[in-house]
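The values are calculated or read from the model by the stated rules, or taken from the named source; none is laboratory data. It should be emphasised that the depicted structure is a prediction, and the values quoted were computed from it without experimental measurement. Here the Cβ is made from the backbone with ideal geometry for all residues, glycine too, and neighbour counts use every protein chain on show. Remember, those area values only see protein heavy atoms, side chains included, never the ligands or the DNA or RNA. Shrake-Rupley method; radii C 1.70, N 1.55, O 1.52, S 1.80 Å.
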Protein chains: 2
Amino acid sequence: MFLKNKIQASLVSLLLVVASCNAQSKATSNAKKSNKQEHPSLVLTKAGVEKIKSQLGTVPLFDKTLANVKAEVDAEILNGIEVPIPKDFSGGYTHERHKRNFVILQKAGVLYQILDDEKYAKYVKDMLLEYAKVYPTLPVHPQTRSYARGKLFWQCLNDSNWLVYTSQAYDCVYNYLSEKERKHLEKDLFKPFAKFISAGNPQFFNRVHNHSTWGNVAVGMIALVMDDDKLLQTALYGLKTDNIDPNAKDNDGGFIKKEGQKVGFLANLEEPFSPDGYYTEGPYYQRYAMYPFLVFAEALENVKPELKIFEYKDGVLLKSISTLLNLTDAYGNFFPLNDGQKGMSYYSKELVSAVDIGYHFGGHSTDLLTIAKAQDEVLLDDTGLSVAMGVRDGLETPFVKKSIDLSDGKNGDEGGVAVLRANTEKSELSLVMKYSAQGLSHGHYDKLSYSLYEGGNEVIQDYGMSRFVNIQQKGGGNYLKENTTWAKQTIAHNTINQDETSHFAGDFETGSMHHSEKYLFDVSNTNLQIISAKEVNAYPGTKMHRTMAFINEEAFENPYLLDIIKINAEKEHQYDLPYYYLGQIMSTNFKYTKPETLEPLGSKNGYQHLWKEAEGKSETSNAQISWFNKERFYTLTSVVSTDDEILFTRVGANDPSFNLRNDPGVIIRKKDSKDTYFVSIIESHGHYDPVSEIATNAFSSIKKLKIVYSDDAYIAINIETLPNVSRLFLFSLIDNSKNSKHQLKIEDETYEWLGAYQLTEINK
Amino acid sequence: MFLKNKIQASLVSLLLVVASCNAQSKATSNAKKSNKQEHPSLVLTKAGVEKIKSQLGTVPLFDKTLANVKAEVDAEILNGIEVPIPKDFSGGYTHERHKRNFVILQKAGVLYQILDDEKYAKYVKDMLLEYAKVYPTLPVHPQTRSYARGKLFWQCLNDSNWLVYTSQAYDCVYNYLSEKERKHLEKDLFKPFAKFISAGNPQFFNRVHNHSTWGNVAVGMIALVMDDDKLLQTALYGLKTDNIDPNAKDNDGGFIKKEGQKVGFLANLEEPFSPDGYYTEGPYYQRYAMYPFLVFAEALENVKPELKIFEYKDGVLLKSISTLLNLTDAYGNFFPLNDGQKGMSYYSKELVSAVDIGYHFGGHSTDLLTIAKAQDEVLLDDTGLSVAMGVRDGLETPFVKKSIDLSDGKNGDEGGVAVLRANTEKSELSLVMKYSAQGLSHGHYDKLSYSLYEGGNEVIQDYGMSRFVNIQQKGGGNYLKENTTWAKQTIAHNTINQDETSHFAGDFETGSMHHSEKYLFDVSNTNLQIISAKEVNAYPGTKMHRTMAFINEEAFENPYLLDIIKINAEKEHQYDLPYYYLGQIMSTNFKYTKPETLEPLGSKNGYQHLWKEAEGKSETSNAQISWFNKERFYTLTSVVSTDDEILFTRVGANDPSFNLRNDPGVIIRKKDSKDTYFVSIIESHGHYDPVSEIATNAFSSIKKLKIVYSDDAYIAINIETLPNVSRLFLFSLIDNSKNSKHQLKIEDETYEWLGAYQLTEINK
């Protein structure tokens, strides 16, 4: 309540300021006329500023953001200017101070334009002059960890962040500054700054990577302000020469640059985005890259509309916004594919930008307004105004996340990521199935892996990354060694492990050469949605084919997840399939033993991080495990032989600094197998309310799960719910055509169907 | 949205029903005149029903509840009547069916009165006749686990639940039934039912226990309907003879009855409630008992107002409502003192009753309306109408939970429970410190234990109980053996363990003879709130004195928790003090080693359930451990010697059926100690937002914590935050008078203060 009042009070005083500044405004606009290029022109335009001023006080979302930003910047102005000599890693004082400086600079510049209050321009000027004072003599940053050390920060990446934001501030106060001041700033600060992060660090600048995107955009933004076309060309197409060793790698183990690879902003737009707008590093890094991509696109569209940047690669930038929003759970959190910190969501400032820019330049898609309304803030620029006006006018329509299949790779031919979404009575189930390319240096070794969500809650989790971003106590906030030894390894994922080794033997170069292949994606029937993909390179000599389907049937409370993995190997191997459930084991249909002492499950490839908590074998042909999490019951039913081992694990072994979360898992292990299947069903069922203490539908509906037919061409699964009541899932493993006719004889009964799969009820 | 529309639709049709039933209403009220006692008279009264009818459609909370209840009962009526032969434990079909039956019976009775629709009366009649058909020949329940087996359910407790609800239904349809029908029901169902749970089971009925409360009330309620004064006397004062063996125990290990103990409803009201309204079993069971206590009080007040039940024992029943509401966290969940399932809250139906009855009969305390509004439902009776009218009229005032000290024991002289609450910038910290009596059979061996909350989140948790109430897979939903081997043991709590044994050697009889003693409770200064208590019986020959204070100072972001335990023992012992933090370890100021394999920390008294994950020793005189949970940082700073061991543990060893939660803990262990101190501070500091990825104030403010003086009379603690900036906490261990003057010389400086404690800033 207090905060709300405060905002309202600020808003009132702010409107007074606007009213009292009209006179001053005219003086400013006289000054503008003397310049060749109009300012501001990057994220604010002259026309845009006028429109904003005319709407102020009538656009609640914009007004509220403005009041918040004004309060924030006013507090910083009171605090005074601090430009410390760089010293710390992220999380440390100098790092956080310089980071805060560029954020506030950008905001102060915008406030100057919108409110016409000189104190903001003066603040920007004073701080820029402080930077111009220290920059010429600044050595590279004293922390030596980065492959591309910055000057203000320990890595050029953060220096680039600084310039992307500060360019906007400079653009906003350009006309406020004298020509002499501008010359001084450009000579002593902006030009050498741009040079340092480009020609000074080609290994950083001349790449296809989110780091380079930031570098390219930083240089491009300042080039636009300074009207420096040569520098703009460098931003768009990269440095002409760089002498980068084709074997060189960055700190994450990623290659710097393939030989002959195109570089610069356009190459960074061209290559990592698939035609569907999927960014190969995954949504966490896509989110990070979105801001520079979009803010620069906005600036280019404003200053160089002839480039038609939003139409580039069939409009991929705008597509990528919708793609990214679709890669979120019900809470708006991004699915943690590859390296991704859980909890990052479409509430991040990068997504505020993305949604606003996407709305303004992408034909005013009204479903974006729903996201903007949830974000509860907008950009203080032309795009934010559009959004705020749209919300004010009640134009929003629901943002519906559909089942989608997103291709990976520059040309969309390097596998992909599928998201199946199925409604339950109260929520929805989401399956995220990954059959993509490696995903550059942040990629995990997890071909054909998946995670499963109910609403915004994880049912079968992807571990995410082992890093506490910006939390200094944990390795300076950087990647922890457990990210390599655990989080990236195959066993950390819900997919097949052969002989306790990771896919591609955990080798980045090998992994980068391959991708999985889609076999089938069909969501045309909402009651049977299916994704199927193959992987033949992860383990040479072994073929894996995984098919996952949400099936919605009356016999079940909710859609259930059918999962079929067919393995064909040239030799005998051990296969492990983990299920990283969350919550507490309720019951099993088999006996297990828990050891007196806990030992790690293995010694390498991530296995060294798992405690073996229990093991058992099923005497029936099914292993059934029920667990409870967040007031819901879940049951895994898996087809097993009496030789298969069922292992209960917990993450946390060989973790000397408590870096890992101690999450549970179950592994189905098949030993000495050449050709084999993993067939299972996961059900979400029932509910328990700790207030009423009533448990409903707490048991699985499945009586028996059985492979009733299998050869190289077909598999048929029988799912029994009651005695003599079952359904048969029929699947062609080699013909994915919609139009092929199939015929299969099972136990004296002949089944015929059209297309790769069929579900048939059998009530005997 | 869908649900809301449905409710509105129901409401409309309901109002139509009301309108069309006026004619019928008159017929019913003619029938009433022929009866000696007015009906309904228990929870609904004739006058109340008229008032309800006159207000319908104008009291949103009441109208909404009515619509929901009508929809629920209508669905059950469509479903038809099922009275199965009893067979199952809780969670099983017959148990849940009979439970549902009595809930629906009560509601149907109420609907008949309010809506005048005969279908509800007929439903009640038909079902009662079904019960009357089977009851005379029903044997005791086939499940043999209970010390007092019921007939409809496996324990008399649930049979009593049935009768408490069903009595209300009978009252509502009394005048609808013919005299012959009433005679039949009373002869074949109600009288034998009441007899079975009283004279038939004196070990259940003639006790002071929540079970007996239900039994007494069941008999009392049906006595009121039947106007059977003799039966009412039995309910109020118990059976005159019972022949209970004074050594007999129930299934939880609790004594059935002390010799010469008073029994019956009034004794159950007299004994377990302290004068402050604290119920000795703890809030979870108080909540469970509240419904019979209050519904019977309501009925007595309506039928026998001359008893002045709400004035009994200085108005303890009404006091207990406020007490119970104060024993909740910021989410409204009860603190899990003794056996208590986490998640149970003031949203439970028992608390809806309590709040409504408390408001109606307790002088219309408008703060209760805030709780009622959050509960979003009311009782469909005179009391619920009062509340709904109050809410409609906007009378509610905030329900402010203050720091309180609640005495335990019939006379308030058997220790107690203190709750200290201190505001933080965004939330509040709550300390629950327990120095009470044993708490009957549901008590835990945890003298001087505590739990700490921030907002509704646990910072230092109390494990609660090891039971999944009504979840059949887990031991039929009953207490698990780990409740005895782990949850009740001292090591499962945040208090002192001597020689790896529980308080009173875990012996219930011994524990029941003793209680801790308050030394000091003072919350007059919101910046220094303090609770101090002593325990001298838990370990014979050892005295423990624990003092805990929330201190609010400018040098700290939030109030911090100072914790001082002084131990005086006749012999040398090992002392363990656990901290059951939640979340992930961020850093420590000492080295620790993690073993290759995990072993249990001990072999008995709960220690067998702890894995030893790591151990270390501090080379400085402080052990500092920081962790992270729910976006907040926490730091424990503890005074240690270089000999003290710091153990990191995780619950879950020797847990053959995954019954335990795998929660972490830290134990400070002092070996071979006679007289010693545990002095520590817990800080909540800083914040991390996974969306902005910014960590603020992530480090402790404490540089050093030191005991600078200690003898039998005094202790002085120095808390250093910056070099040469500290404060001194001075405390008298033997004189708790507010008016005593103290003088202490520490390092050549003399300190003087008034009262038991003093905090003095020192800036050298």
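Every listed requirement among (1) within 12 Å of chain A (Cβ to nearest Cβ); (2) crowded, with 21+ Cβ neighbours inside 10 Å; (3) at pLDDT 95 or above; (4) not in a loop (DSSP other than H, G, I, E, B) is met by B:Ala695 save one, (3).
Results for (1) in a loop (DSSP other than H, G, I, E, B); (2) modelled with pLDDT of 95 or more, shown as yes or no for each residue.
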residue: A:Glu425; (1), (2): yes, no
residue: A:Lys434; (1), (2): no, yes
residue: A:Ser441; (1), (2): no, no
residue: A:Lys447; (1), (2): yes, yes
residue: A:Glu458; (1), (2): no, yes
residue: A:Tyr463; (1), (2): yes, yes
residue: A:Ile471; (1), (2): yes, no
residue: A:Gly476; (1), (2): no, no
residue: A:Glu482; (1), (2): no, yes
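Within the bounds of segment A:103-110, is there any residue that is free of Cβ contacts under 8 Å to residues at least 60 places away in the same chain, surrounded by fewer than 21 Cβ atoms within 10 Å (Cβ to Cβ), over 17 Å from A:Ala132 (Cα atoms) and not hydroxyl-bearing (Ser, Thr, Tyr)? Talk me through it step by step, then tell me what you get.
Going through segment A:103-110, the residues free of Cβ contacts under 8 Å to residues at least 60 places away in the same chain turn out to be A:104.
Restricting the remaining residues to those that are surrounded by fewer than 21 Cβ atoms within 10 Å (Cβ to Cβ) gives none.
Checked against the condition, which is being free of Cβ contacts under 8 Å to residues at least 60 places away in the same chain, surrounded by fewer than 21 Cβ atoms within 10 Å (Cβ to Cβ), over 17 Å from A:Ala132 (Cα atoms) and not hydroxyl-bearing (Ser, Thr, Tyr), segment A:103-110 yields no hits at all.
Condition check: touching a helix residue (DSSP H, G or I) at 6+ places or on another chain (Cβ under 7 Å) and at pLDDT 95 or above. Does B:Ala569 satisfy that? Don't jump to the end; show me each part of the working.
Details: touching a helix residue (DSSP H, G or I) at 6+ places or on another chain (Cβ under 7 Å): no; at pLDDT 95 or above: yes.
Here the answer is no, as B:Ala569 does not meet what is asked.
Selection of segment B:607-629 for residues being touching a residue at least 60 places away in the same chain (Cβ under 8 Å), more than 11 Å from chain A (Cβ to nearest Cβ), outside any helix (DSSP H, G or I) and touching a Gly at 6+ places or on another chain (Cβ under 9 Å) yields B:Leu610, B:Asn629.
Take B:Ser25 and decide whether it is open to solvent by less than 50 Å² (accessible area, probe 1.4 Å), at pLDDT below 50 and more than 14 Å from chain A (Cβ to nearest Cβ). If you could, list the steps in order and put the result at the bottom.
Values: open to solvent by less than 50 Å² (accessible area, probe 1.4 Å): yes; at pLDDT below 50: yes; more than 14 Å from chain A (Cβ to nearest Cβ): yes.
Considered against the rule, which asks whether it is open to solvent by less than 50 Å² (accessible area, probe 1.4 Å), at pLDDT below 50 and more than 14 Å from chain A (Cβ to nearest Cβ), B:Ser25 comes out as yes.
Can you pull out the residues in segment B:144-154 that are at pLDDT 95 or above, under 17 Å from B:Gly477 (Cα atoms) and open to solvent by 30 Å² or more (accessible area, probe 1.4 Å)? Result: B:Arg149, single match.
Among the criteria (1) open to solvent by less than 70 Å² (accessible area, probe 1.4 Å); (2) of a type outside the set (Ser, Thr, Tyr); (3) under 38 Å from the mean Cα position of the chain (by Cα), the one B:His742 does not fulfil is (3).
Of the residues in segment A:469-480, none is surrounded by 20 or more Cβ atoms within 10 Å (Cβ to Cβ), within 24 Å of A:Ile404 (Cα to Cα) and either more than 14 Å from every other protein chain (Cβ to nearest Cβ) or touching an Asp or Glu at 6+ places or on another chain (Cβ under 9 Å) (or both).
Determine whether A:Asp446 is open to solvent by less than 20 Å² (accessible area, probe 1.4 Å), out of contact with any Cys (no Cβ under 8 Å at 6 or more places or on another chain), over 30 Å from A:Thr58 (Cα atoms) and of a type outside the set (S, T, N, Q).
Values: open to solvent by less than 20 Å² (accessible area, probe 1.4 Å): yes; out of contact with any Cys (no Cβ under 8 Å at 6 or more places or on another chain): yes; over 30 Å from A:Thr58 (Cα atoms): yes; of a type outside the set (S, T, N, Q): yes.
Yes; evaluated as a whole, the condition is true for this residue.
Scanning for something without any contact (Cβ under 8 Å) to a residue 40 or more places away in the chain and either more than 17 Å from A:Ser436 (Cα to Cα) or in contact with a Pro (Cβ under 7 Å, 6 or more places away or on another chain) (or both), does segment A:545-553 turn up at least one residue? Checking segment A:545-553: not a single residue is without any contact (Cβ under 8 Å) to a residue 40 or more places away in the chain and either more than 17 Å from A:Ser436 (Cα to Cα) or in contact with a Pro (Cβ under 7 Å, 6 or more places away or on another chain) (or both).
Kindly provide the set of residues from segment A:623-667 that are small (Gly, Ala, Ser) and more than 30 Å from B:Tyr592 (Cβ to Cβ), ordered by number. Let's see the steps before the verdict.
In the first step, residues of segment A:623-667 are kept if they are small (Gly, Ala, Ser); the result is A:623, A:626, A:638, A:641, A:652-653, A:657, A:665.
Listed by number, the residues that qualify are A:Ala623, A:Ser626, A:Ser638, A:Ser641.
For segment A:746-760, the criterion of being buried (at least 18 other Cβ atoms within 10 Å of the Cβ), among the hydroxyl-bearing types (Ser, Thr, Tyr) and under 39 Å from the mean Cα position of the chain (by Cα) is met by at least one residue.
What is the residue count in segment B:376-405 for residues that are of a type outside the set (S, T, N, Q) and either crowded, with 19+ Cβ neighbours inside 10 Å or in a helix (DSSP H, G or I) (or both)? Residues flagged as of a type outside the set (S, T, N, Q) and either crowded, with 19+ Cβ neighbours inside 10 Å or in a helix (DSSP H, G or I) (or both) within segment B:376-405 amount to 17.
Cβ-Cβ distances below 6 Å connect the following pairs, each with a first residue in segment A:687-709 that is over 21 Å from A:Val725 (Cβ atoms), a second residue that is in a strand (DSSP E or B) and hydrophobic (A, V, I, L, M, F, W, C), and a separation of six or more residues or different chains: A:Tyr688/A:Ala695. For segment B:679-692, a residue qualifies if it is among the small types (Gly, Ala, Ser) and either within 17 Å of A:Lys474 (Cα to Cα) or within 8 Å of chain A (Cβ to nearest Cβ) (or both), and the qualifying residues are B:Gly686, B:Ser692. For segment B:54-65, the criterion of being closer than 30 Å to B:Trp154 by Cα, modelled with pLDDT of 95 or more, open to solvent by 40 Å² or more (accessible area, probe 1.4 Å) and not polar (S, T, N, Q) is met by none of the residues.
Take the conditions (1) surrounded by fewer than 16 Cβ atoms within 10 Å (Cβ to Cβ); (2) closer than 21 Å to B:Cys172 by Cα; (3) within 14 Å of another protein chain (Cβ to nearest Cβ); B:Lys122 misses just one of them, which is (3).
Is it the case that A:Ser441 is of a type in the set (Gly, Ala, Ser), open to solvent by 10 Å² or more (accessible area, probe 1.4 Å), assigned by TED's automatic domain parsing to the domain that holds A:Tyr580 and touching a residue at least 60 places away in the same chain (Cβ under 8 Å)?
Working: of a type in the set (Gly, Ala, Ser): yes; open to solvent by 10 Å² or more (accessible area, probe 1.4 Å): no; assigned by TED's automatic domain parsing to the domain that holds A:Tyr580: yes; touching a residue at least 60 places away in the same chain (Cβ under 8 Å): yes.
When the stated conditions are applied, A:Ser441 does not pass them.
Residues that are closer than 18 Å to B:Phe265 by Cβ and surrounded by fewer than 24 Cβ atoms within 10 Å (Cβ to Cβ) within segment B:165-195 comprise B:Tyr165, B:Lys195, listed in sequence order.
Within segment A:356-375, is there a residue that is buried (at least 24 other Cβ atoms within 10 Å of the Cβ), aliphatic (A, V, I, L, M) and at pLDDT below 95? No, segment A:356-375 contains no residue that is buried (at least 24 other Cβ atoms within 10 Å of the Cβ), aliphatic (A, V, I, L, M) and at pLDDT below 95. The residues of segment B:247-265 that are open to solvent by 10 Å² or more (accessible area, probe 1.4 Å), of a type outside the set (Val, Ile, Thr) and touching a Gly at 6+ places or on another chain (Cβ under 9 Å) amount to a single one, B:Lys262. Selection of first residues in segment A:227-246 that are in a loop (DSSP other than H, G, I, E, B) and of second residues that are open to solvent by less than 30 Å² (accessible area, probe 1.4 Å) and of a type in the set (Gly, Ala, Ser), restricted to Cβ pairs under 8 Å at least 6 apart or on distinct chains, gives the following pairs, ordered by first then second residue: A:Gly238/A:Gly264; A:Gly238/A:Ala267; A:Leu239/A:Ser198.
The requirement of being at pLDDT 95 or above, buried (at least 23 other Cβ atoms within 10 Å of the Cβ) and assigned to a loop (DSSP other than H, G, I, E, B) is fulfilled somewhere in segment A:406-418, by at least one residue. If you go through segment B:630-675 and pick out every residue that is within 14 Å of another protein chain (Cβ to nearest Cβ) and in a loop (DSSP other than H, G, I, E, B), you end up with 14. Do you know which residues across segment A:588-599 are open to solvent by 40 Å² or more (accessible area, probe 1.4 Å) and at the interface with chain B (Cβ under 7 Å from one of its Cβ atoms)? Of everything in segment A:588-599, those that are open to solvent by 40 Å² or more (accessible area, probe 1.4 Å) and at the interface with chain B (Cβ under 7 Å from one of its Cβ atoms) turn out to be A:Lys594, A:Thr597, A:Glu599. Selection over segment B:293-347 of residues that are polar (S, T, N, Q), touching a residue at least 60 places away in the same chain (Cβ under 8 Å) and not in a helix (DSSP H, G or I) gives a count of 4.
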